[in-house]
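Working notes, beginning with the structure itself.
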Amino acid sequence: MPSVRRLSHEFLERQGLTTFFGNPGSNELPFLADLPDGFRYVLGLHEGAVLGMADGYAQATGRPALVNLHAASGSGNAMGALTNAVASRTPLVIVAGQQVRSAVGPEANLASVDAPALMKPLVGWAAEPACAQDVPRALAQAVFEARLQQRPTYLSVPYDDWDAEAGANALPVLDRRVQRASAPSAEQGRLLAERVASARRPALVLGGDIDTAGLFDDAVRLAERLGGPVWAAPSLFRLPFPNRHPLFRGVLPAGIAPVSRAFEGHDLVLVLGAPVFRYHEHLPGPYLPEGTRLVQVTEDASAAARAPMGEALVADPGAVIDLLLKTLDSPSGPVGAYRPAPEPPTAEGPRLHPEEVFAALRDEMPEDTAYVVESTSTNSAWWRQMDLRRPGSYYFPAAGGLGFGLPGAVGVALAQPDRPVVGVIGDGSANYGVTALWTAAQHRVPVTFVLLRNGTYGALRWFGGLLGVPDAPGLDIPGLDFTRIAEGYGVPARQVTGAGELRAALAERTDHPRLLQVDTELTTPA
Ligand SMILES: Cc1ncc(C[n+]2csc(CCOP(=O)(O)OP(=O)(O)O)c2C)c(N)n1
Ligand SMILES: [Mg+2]
């Protein structure tokens, strides 16, 4: 009979889960013993960076990623980053090491007392198997729950379990297949098609789930058939639609009143693949204009349940798009041409305007570049200049938890070695996940970090004004030189001055990570 470890490794191999992101401790080592050939362990130097890299990797591959964390302390360090993975519905399978079973009760050092309870509010499913023989089944459950619920899951395993004999009843887990299909019934489909077909002025709102599910191009087909305006849902973490498409109206502002104003004059708002809605700034008002009906289609049952308004159908948005394409008539005319970007403003003095930086990225980087963005005050500058037409072009920390961007870019580049990857990172944000530079250097991940140094937490300055706190302390961050920090972690880096120099640097292709630090002017996110 194989050991619990052997069986578990084989299960993971059969499921295609052979890349671990981790930072180990003594409790974890027995799980990592005798890893079969073909397994890869990507070491991160801090658990926040480990989780961010795994998040980027899982989003870019579209498959669950394995995360290995050290007991309560390692899990705790990963929690901030975990908020983003929960909000982006990233399937992560987190396996944490536990003390030997007999040492948990007496609270020996490194025992994680009530480990599932520690993580439960964040993850979709958390457990510690009741006996060693249940570990392979519980691991399979962690993988399937992550896939079915599209959420991180958490499994705590006492480290003496791995050497135990598995037991005959643990073997069938190797052959399990668990799949999901969730098309609307004929009646649900008929009602939905009728609602959309009878709308005089329908509007479409697309969430990040559309890109995650590989429905970027299908969304374009649907929008062109409807012929109405398209918005991206507020607090966007993946781009679901080409941002210069003639029907695209931008990312909805993350406040109740402005969202309602945007829908003025529309009798139907069809929301696909998004919660309704993830607001941020508290700007109260009616949720919808009078006479506007909202229909939400999402696979996320809890997002449907907690929405404050509208009808919801918990179903696969892809199946719904197919159904609508089959039933809707073609629109009367062509939709028009892609909109060109405006000339970027030029800054006075040695700093660049962020729009100049983004115009340089747009012009110098290949069209299929994937951008992982964590620069908060430059949000509107970004969308004014960029021209993103491909699926998987844009990633942003889904819950706003800083520390995703830099590690996430490493994860995306590990997942897609043939695609150019750029991390656009603020000088504040970089500090929360900076250790991922080391992993990028060790794996020679060809990612370009464009470090925007404005010397401040720019977005918080803007928020301070919004909240009537113009004099808040702790917002400036002078004295940081990321070229020296990056060099210390083994990533070649340089300071870039002037748009011409930036353009020339971006035009160079490299097969290793690099960091370009650019001093930028302060702008506001909106
Ligand atoms: C983990 C975490 N800590 C703190 C914050 C609060 N926060 C939001 S934006 C921001 C400033 C980020 O600064 P920077 O990366 O320099 O971007 P800028 O706004 O200057 O463009 C901070 C600290 C957060 N979102 N997440
Ligand atoms: Mg800054």
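The values are calculated or read from the model by the stated rules, or taken from the named source; none is laboratory data. Everything numeric in this text was worked out from a predicted model, so none of it was measured. Note: ideal-geometry Cβ built from the backbone for every residue, glycine included; neighbour counts use all protein chains shown.
Does residue 506 qualify as being touching a residue at least 12 places away in the same chain (Cβ under 8 Å) and in contact with a strand residue (DSSP E or B) (Cβ under 7 Å, 6 or more places away or on another chain)? No. Among the residues in the range 330-341, are any at pLDDT 95 or above and either on the phi > 0 side of the Ramachandran plot or acidic (Asp, Glu) (or both)? No: the range 330-341 contains no residue that is at pLDDT 95 or above and either on the phi > 0 side of the Ramachandran plot or acidic (Asp, Glu) (or both).
Report yes if some residue within the range 66-77 is within 26 Å of residue 132 (Cα to Cα), polar (S, T, N, Q) and buried (at least 17 other Cβ atoms within 10 Å of the Cβ); otherwise report no.
The answer is yes, given that some residue of the range 66-77 is within 26 Å of residue 132 (Cα to Cα), polar (S, T, N, Q) and buried (at least 17 other Cβ atoms within 10 Å of the Cβ).
With respect to residue 283, is the statement that it is farther than 30 Å from residue 417 by Cα, crowded, with 18+ Cβ neighbours inside 10 Å, away from ligand 2 (no atom under 16 Å from the Cβ) and touching a residue at least 24 places away in the same chain (Cβ under 8 Å) true? Against the criterion (farther than 30 Å from residue 417 by Cα, crowded, with 18+ Cβ neighbours inside 10 Å, away from ligand 2 (no atom under 16 Å from the Cβ) and touching a residue at least 24 places away in the same chain (Cβ under 8 Å)), residue 283 does not qualify.
Set side by side, the residues 200, 147, 151, 180 differ, and just one is outside the structural domain of residue 245 (by TED's automatic domain parsing), in contact (Cβ under 8 Å) with a residue 40 or more places away in the chain, not hydroxyl-bearing (Ser, Thr, Tyr) and not in a helix (DSSP H, G or I), which is 151. The residues of the range 333-370 that are of a type in the set (A, V, I, L, M, F, W, C), within 16 Å of ligand 1 (Cβ to nearest atom) and part of a loop (DSSP other than H, G, I, E, B) amount to a single one, 347. If you go through the range 371-397 and keep only what is within 16 Å of ligand 1 (Cβ to nearest atom), of a type in the set (S, T, N, Q) and part of a loop (DSSP other than H, G, I, E, B), you end up with 375, 376, 377, 378.
Take the conditions more than 16 Å from ligand 2 (Cβ to nearest atom), of a type in the set (Ser, Thr, Tyr) and in contact with a Lys or Arg (Cβ under 6 Å, 6 or more places away or on another chain) and apply them to residue 497. Does it pass?
For residue 497, the condition - more than 16 Å from ligand 2 (Cβ to nearest atom), of a type in the set (Ser, Thr, Tyr) and in contact with a Lys or Arg (Cβ under 6 Å, 6 or more places away or on another chain) - is not met.
Consider the range 364-416 and keep the residues that are within 16 Å of ligand 2 (Cβ to nearest atom), of a type in the set (S, T, N, Q) and over 15 Å from the mean Cα position of the chain (by Cα). The one that is surrounded by the most Cβ atoms within 10 Å (Cβ to Cβ) is 378.
Across the range 154-177, the number of residues qualifying as in a helix (DSSP H, G or I) and in contact (Cβ under 8 Å) with a residue 12 or more places away in the chain comes to 9. Only a single item in (1) buried (at least 19 other Cβ atoms within 10 Å of the Cβ); (2) in contact (Cβ under 8 Å) with a residue 60 or more places away in the chain; (3) small (Gly, Ala, Ser) is not met by residue 255, and it is number (2). Residues that are touching a Phe, Trp or Tyr at 6+ places or on another chain (Cβ under 9 Å), assigned to a loop (DSSP other than H, G, I, E, B) and either of a type in the set (D, E, K, R) or under 22 Å from residue 88 (Cα atoms) (or both): does the range 312-332 have at least one? No, the range 312-332 contains no residue that is touching a Phe, Trp or Tyr at 6+ places or on another chain (Cβ under 9 Å), assigned to a loop (DSSP other than H, G, I, E, B) and either of a type in the set (D, E, K, R) or under 22 Å from residue 88 (Cα atoms) (or both). Take the conditions among the basic types (Lys, Arg) and either in a loop (DSSP other than H, G, I, E, B) or within 16 Å of ligand 2 (Cβ to nearest atom) (or both) and apply them to residue 503. Does it pass? Judged against the criteria, residue 503 is not a match.
Could you say which residue among 511, 471 is part of a loop (DSSP other than H, G, I, E, B), away from ligand 1 (no atom under 12 Å from the Cβ), surrounded by fewer than 22 Cβ atoms within 10 Å (Cβ to Cβ) and free of Cβ contacts under 8 Å to residues at least 24 places away in the same chain?
Testing whether each residue is part of a loop (DSSP other than H, G, I, E, B), away from ligand 1 (no atom under 12 Å from the Cβ), surrounded by fewer than 22 Cβ atoms within 10 Å (Cβ to Cβ) and free of Cβ contacts under 8 Å to residues at least 24 places away in the same chain leaves just 471.
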